[in-house]
Amino acid sequence: MLRARGHRIRYVNFARDPDASPGLDRYQALIVLGGPMQVGHHHRHHHLLTECRLIERALHDEVPMLGICLGGQLLAHVLDARVAPCPRAEIGWYSINPTAATASDPVLNPLDHARPVFQWHHWGFDCPSDGVSIADSEESGCQAFRAGPQAWGFQFHLELDRRLIHRWLTLPFYRDDLAGSGLDRTPAQIEGDTQRFLPETLALADRVFGNWLNQLDTPEQRLVLASR
């Protein structure tokens with residue numbers, strides 16, 4: 001979607017380049033994606049501090065930002081919100097609900113009723129005190145928030161398609177994570193749920209991410225920085 005609108009992307013993979021230190025001077029937006037580590041693991045994963053500095057800079061300069069899963073947790077952490085283990089892990093498809101503020105949110109307003117979305121996380125976040133909760137769930141509380149006019153944090157994964165979900169469910173690390181989570185579900189059950197729920201979720205994702213892209217200026221050869 002970014003490339004279709006004429007944006008160029010720089011993708012920083014800290015697993016491959018842990019000492020990378022990107023800046024935001026040349027960039028129009030920042031997307032911070034997920035990962036298997038947790039917010040408090042910065043002693044083992046030094047790139048988390050780099051990502052927090054990028055988030056702080058984006059907030060200060062009012063650069064449009066989107067944080068997904070760990071990225072949303074890092075955004076919440078930078079904003080002094082509580083980020084901590086969930087009552088139980090969420091792996092697979094879980095229902096989220098709109099809040100009173102969702103309909104007026106410029107990005108997540110297509111979420112007009114409770115619906116299942118894909119999740120894979122052991123930790124969650126509270127809505128920052130200066131933020132606006134725009135999605136929640138009965139089991140785990142805040143699922144999405146907006147901070148200021150230009151930053152959004154999502155706990156769930158609207159960006160995944162069938163190929164990526166299947167890949168996660170076949171990788172040994174993720175299969176072991178699911179098996180050790182204590183959840184009563186199998187990869188086959190999650191694949192079945194994916195077949196049922198993904199088409200409607202992809203349509204939601206197209207509208208939500210389209211709304212977020214509408215917050216960006218005309219590309220003019222400027223870049224979007226994505227980190228993971």
Checklist entry - If you scan segment 178-228, which residues turn out to be among the β-branched types (Val, Ile, Thr), at pLDDT 95 or above and more than 24 Å from residue 89 (Cα to Cα)? => result 208
Item to check | Tabulated pairs, segment 167-190, first in a loop (DSSP other than H, G, I, E, B), second surrounded by fewer than 13 Cβ atoms within 10 Å (Cβ to Cβ) and of a type in the set (Lys, Arg), C-beta under 7 angstrom, 6+ apart or interchain | outcome: 182/88
Checklist entry - Can you name the residue in segment 178-200 that is surrounded by 14 or more Cβ atoms within 10 Å (Cβ to Cβ) and of a type in the set (A, V, I, L, M) and is also nearest to residue 31 (Cα to Cα) among such residues? => result 198
Next on the checklist: Looking at residue 34 and the list (1) at pLDDT 95 or above; (2) assigned to a loop (DSSP other than H, G, I, E, B), which single condition is not satisfied?
Outcome noted: (1)
Checklist entry - When you look at residue 117, is it buried (at least 17 other Cβ atoms within 10 Å of the Cβ), assigned to a strand (DSSP E or B) and free of Cβ contacts under 8 Å to residues at least 40 places away in the same chain, yes or no? => result no
Checklist entry - In the list 175, 167, which residue meets the criterion of being within 26 Å of residue 48 (Cβ to Cβ) and surrounded by 14 or more Cβ atoms within 10 Å (Cβ to Cβ)? => result 175
Checklist outcome for this item: Subset of segment 123-160, residues of a type in the set (D, E, K, R), in a loop (DSSP other than H, G, I, E, B) and either at pLDDT 95 or above or under 14 Å from residue 209 (Cα atoms) (or both), comes to 126, 159
Checklist entry - Within the set of pairs 6+ apart or on separate chains, which have a first residue in segment 89-103 that is at positive phi, a second that is of a type in the set (A, V, I, L, M, F, W, C), and C-beta atoms under 6 Å apart? => result 92/190
Item to check | Residues located in segment 86-100, provided they are closer than 24 Å to residue 65 by Cα and surrounded by fewer than 17 Cβ atoms within 10 Å (Cβ to Cβ) | outcome: 97, 100
Checklist entry - Of the residues 161, 136, 61, 126, which single one is surrounded by 18 or more Cβ atoms within 10 Å (Cβ to Cβ) and farther than 22 Å from residue 180 by Cα? => result 136
Checklist entry - Regarding residue 67, is this residue at pLDDT 95 or above, closer than 23 Å to residue 19 by Cβ and part of a strand (DSSP E or B)? => result yes
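The values are calculated or read from the model by the stated rules, or taken from the named source; none is laboratory data. Here the structure is a predicted model, which means the values were calculated and not measured. For neighbour counting, all protein chains shown are included, and Cβ atoms are generated from backbone atoms with ideal geometry for every residue, glycine included.
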